[in-house]
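Undergrad: One structure follows; several queries about it will come next.
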Amino acid sequence: MKAMVAPTVLPLAEHVAVVSGVGDGLGKKSALALARGGAAVVLCARTADRLDRIATEVRGTGAEVVALHGDITDVDYCKRVVDTTIDTFGRVDCLVNVATRGPFHADTFATVTEADLDAWHRTVNVDVFGTLTMTQAVARRMQSARSGSIIFVNTVGVWLGPARQGAYIASKAALLALAQVLATELGPDGIRVNTVAPGWMLGPPVQGLLEGRAARAGTSVQDEYDKIARDLPLRRIPTDAEVAMIIAFLASEASAAITGQCINANGGQVYR
């Protein structure tokens with residue numbers, strides 16, 4: 001599978017970044033990109049063992065790292081994250097909102113007319129209200145400092161409308177609108193709010209999907225990769241490391257004039 005090698009460093013010295021939803025995919029790659037640029041990183045996730053493992057890997061870059069496991073839907077947890085960040089580093093410059101339940105949970109992977117609305121509530125609670133809870137906690141500190149960058153991770157699915165992903169897509173559409181409102185509200189305080197929207201993104205989730213498709217079809221992973229890549233203008237699937245570099249760019253002063261925008265990191269995929 002052909003992939004470009006993404007640059008690994010943007011200037012982020014003396015920055016302090018909070019990353020929510022740190023798993024083995026984009027969350028980890030974002031933390032690594034920020035750390036390699038010189039940022040101190042506060043990592044947030046629900047699973048303590050995995051979080052500690054990833055924290056060790058990020059520390060391997062030489063960065064200062066704090067790992068706090070908990071649930072972003074818990075107001076007290078979000079407050080603890082921010083208070084610990086300020087107590088440890090004296091500031092918070094960036095928030096990267098990665099946390100999500102994702103599109104393929106068995107309890108929500110259904111048509112809208114067949115949807116279990118209790119399951120929808122669980123997805124919306126994490127993707128929308130959890131993200132909002134963490135964003136509120138961080139943004140209030142940024143307002144006091146009159147600077148900061150908040151980054152939302154979204155999906156090109158909000159324009160494509162894929163079937164059986166209604167809970168996830170509706171939640172992400174709400175976050176897209178929320179980011180634009182926040183950009184308007186927080187701009188006078190020197191805070192920028194932007195969104196990154198991947199399409200197909202090569203990392204652990206898509207790798208697993210390719211392997212499953214290959215097993216069911218009796219083909220190879222490369223064959224399944226090529227079926228997707230041939231419809232993208234770049235003829236390859238962007239990697240999670242490449243998307244993470246866009247996040248690092250939006251965290252840095254290199255993007256100082258950018259707010260209220262959605263960057264589609266999708267290899268040129270065209271919407272219908």
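Undergrad: Along the Cα-to-Cβ line of Gln207, 7 Å from the Cα, sits a label point; which residues in the range 229-272 have backbone N less than 19 Å from it?
TA: The answer is 229, 236-245.
Undergrad: Quick one: putting +1 on the C-beta of Lys and Arg, -1 on the C-beta of Asp and Glu, what dipole do you get for the range 15-85 around its Cα centre, in Debye to the nearest 20?
TA: Values: 9 positive and 9 negative charges, 49 e Å.
Result for the range 15-85 is approximately 240 debye, rounded to the nearest 20.
Undergrad: Pull out a ≥ b ≥ c, the square roots of the eigenvalues of the alpha-carbon gyration tensor of the range 148-272, then state rounded if a/c is under 1.5, prolate if not and a/b is larger than b/c, and oblate in the remaining case.
TA: prolate
Undergrad: Could you state the angle between the C-alpha long axis of helix 131-145 and the longest principal axis of the C-alpha atoms of the chain, as a value from 0 to 90 degrees rounded to the nearest 10?
TA: 30 degrees
Undergrad: Under a GNM of the chain (C-alpha, springs under 10 Å), which listed residue has the highest mean-square fluctuation: Phe89, Phe104, Phe152?
TA: Between Phe89, Phe104, Phe152, it is Phe104 that shows the largest mean-square fluctuation.
Undergrad: Right, something else. With unit charges on the beta carbon (Lys/Arg positive, Asp/Glu negative), name the residue among Ala48, Met245, Thr84 whose Cα is farthest towards the positive pole of the charge dipole of the chain.
TA: Met245
Undergrad: Moving on to the next point. Sort out for me the Cα centre separation of the range 184-232 from the range 48-84, rounded to whole Å.
TA: Their Cα centres are 25 Å away from one another.
Undergrad: Report the calculated FRET efficiency for Arg59 and Gln136 (r = Cβ-Cβ distance, R0 = 22 Å), to the nearest 0.05.
TA: Numbers: r = 29 Å, r/R0 = 1.30.
So, using R0 = 22 Å, E works out to roughly 0.15.
Undergrad: Express the relative contact order of the chain as a whole percentage, based on alpha carbon pairs under 8 Å and six or more residues apart in sequence. Working shown, then result.
TA: Details: 524 pairs, mean separation 57.9, N = 272.
After rounding, I find 21 percent.
Undergrad: Accessible area per residue, 1.4 Å probe, Å², for the chain: what's the number? The partial results should precede the final answer.
TA: On the way: 12350 Å² over 272 residues.
Computed with neighbouring chains in place, this is 45 Å² per residue.
Undergrad: What is the dipole size for the range 1-139, taken about its Cα centre, with +1 at each Lys and Arg Cβ and -1 at each Asp and Glu Cβ, in debye to the nearest 20?
TA: Numbers: 13 positive and 17 negative charges, 108 e Å.
Approximately 520 debye in magnitude.
Undergrad: Give the distance, in whole Å, between the Cα centre of the range 142-160 and the Cα centre of the range 88-106.
TA: So the two Cα centres are separated by 10 Å.
Undergrad: Here's something else I'd like to know. Let me know the shape class of the range 1-109, please: from the alpha-carbon gyration tensor, a ≥ b ≥ c as square roots of the eigenvalues, rounded when a/c is under 1.5, otherwise prolate if a/b is greater than b/c, or oblate.
TA: Values: a/c = 1.89, a/b = 1.06, b/c = 1.79.
Oblate.
Undergrad: While we're here: Give the residue from Ile263, Trp120, Thr135 lying farthest towards the positive end of the charge dipole for the chain; charges sit on Cβ (+1 for Lys and Arg, -1 for Asp and Glu) and the dipole is referred to the Cα centre.
TA: Of the candidates, Ile263 comes out farthest on the positive side.
Undergrad: Hey, any idea what % of the range 100-217's accessible area is carbon plus sulfur with a 1.4 Å probe? Present the calculation step by step, with values, prior to reporting the outcome.
TA: On the way: 3090 of 5330 Å².
The computed percentage sits at 58.
Undergrad: Restricting to Cα pairs below 8 Å that are 6+ residues apart, what does the relative contact order work out to for the range 18-106? Please round to a whole percent.
TA: Numbers: 128 pairs, mean separation 29.9, N = 89.
Relative contact order comes out at 34 percent.
Undergrad: Can you tell me the dipole magnitude for the chain around its Cα centre, using point charges on the Cβ only (Lys, Arg +1; Asp, Glu -1), in Debye to the nearest 20? If you can, show how the numbers build up before the last one.
TA: Details: 26 positive and 27 negative charges, 105 e Å.
Computed about the Cα centre, the dipole is about 500 debye.
Undergrad: Continuing with this model, one more query. Tell me the angle of helix 75-89 to the major Cα principal axis of the chain, expressed in degrees between 0 and 90 and rounded to the nearest ten.
TA: The angle comes out at about 60 degrees.
Undergrad: Can you say what percent of the DSSP beta bridges in the chain, counting only those with both residues inside, are antiparallel? Round to 5.
TA: 0 percent
Undergrad: Work out the count of Lys pairs in the chain where the Cα-Cα distance is under 21 Å, with the pair 8 or more places apart or on different chains.
TA: 4
The values are calculated or read from the model by the stated rules, or taken from the named source; none is laboratory data. The model shown is predicted, which means the values in this text are computed figures rather than measured ones. Glycine gets a Cβ as well: all are built from the backbone with ideal geometry, and neighbour counts include every protein chain shown. Heads up: the accessible areas ignore ligands, DNA and RNA and are worked out on the full protein's heavy atoms, side chains in. Shrake-Rupley method; radii C 1.70, N 1.55, O 1.52, S 1.80 Å.
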